[in-house]
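Below is one structure, written out as structure tokens, with a few remarks after it.
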Amino acid sequence: MKLIIMRHGQASWFAPSDKERELTEQGVREVRDTVALLAAQRADCVFASPYLRAQQTAHIAAEAFGLRVATLDELEPDGNPVKVLDALPDSGVVLLASHMPIVSYLAGLLCDGTPKVGPSFQTGMALVLEADILAPGMGRVIERIIP
């Protein structure tokens, strides 16, 4: 199985709430650049946080892969990475569009077995992980894509 963990592109700070922050023009470019570099991955499904900027990120990716976006509440910024793993399919290529710190926590859980320690993600960045099973410490980073 492959898991693509992607942070949303740059987002505007001007919105009525954090959940309503949308991608800036630069953020859209970051996401498109990353998705173009992911084209060879052939994603099977796309999940996104319910926040607007992550939804926009996921829709750009889903359109490129000819897929639909499923919303996963566990992908909110302060979500629980164990609950994210529990909600995902156990095969195929899965793309997640989310936020810091949950993207870092999820990568830390999968690669090191520690959910509170993981790599920092700049906006629009994606990590491609491979794992025989989605379990703590079972993931391996096979590609890092920085727009």
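Give the calculated FRET efficiency between residue 13 and residue 68 to the nearest 0.05, with a Förster radius of 30 Å applied to their Cβ-Cβ distance.
Between residue 13 and residue 68 the formula returns 0.55.
Run through the DSSP bridge list for region 46-147 and note the antiparallel percent, rounded to the nearest 5.
Around 50 percent of the beta bridges assigned by DSSP in region 46-147 are antiparallel ones.
How large is the Kirkwood hydrodynamic radius of the chain, in angstrom, based on all distinct alpha carbon pairs?
For the chain, the Kirkwood estimate is 14.6 Å.
At 1.4 Å probe size, with every protein chain present, just tell me what the per residue accessible area of the chain comes to in Å².
48 Å²
In whole percent, how big is the carbon plus sulfur part of the accessible area of region 27-75, probe 1.4 Å, protein atoms only?
49 percent
From the helices alone, meaning DSSP H stretches of at least four residues, give me the mean residue ellipticity at 222 nm for the chain, per-run term -39500 (n - 2.57), in deg cm²/dmol to the nearest 500.
-9500 deg cm²/dmol
Take the Cα pairs of region 54-99, get the Kirkwood Rh, then feed it into Stokes-Einstein at 20 °C and 1.002 mPa s and tell me D in µm²/s.
After rounding, the answer is 190 µm²/s.
The values are calculated or read from the model by the stated rules, or taken from the named source; none is laboratory data. From a predicted model like this one, the values you see are computed outputs, not experimental measurements. Heads up, the Cβs are rebuilt from the backbone with ideal geometry, glycines too, and the neighbour counts pull from every protein chain shown. Ligands, DNA and RNA are excluded from the accessible area calculation, which covers all protein heavy atoms including side chains. Shrake-Rupley method; radii C 1.70, N 1.55, O 1.52, S 1.80 Å.
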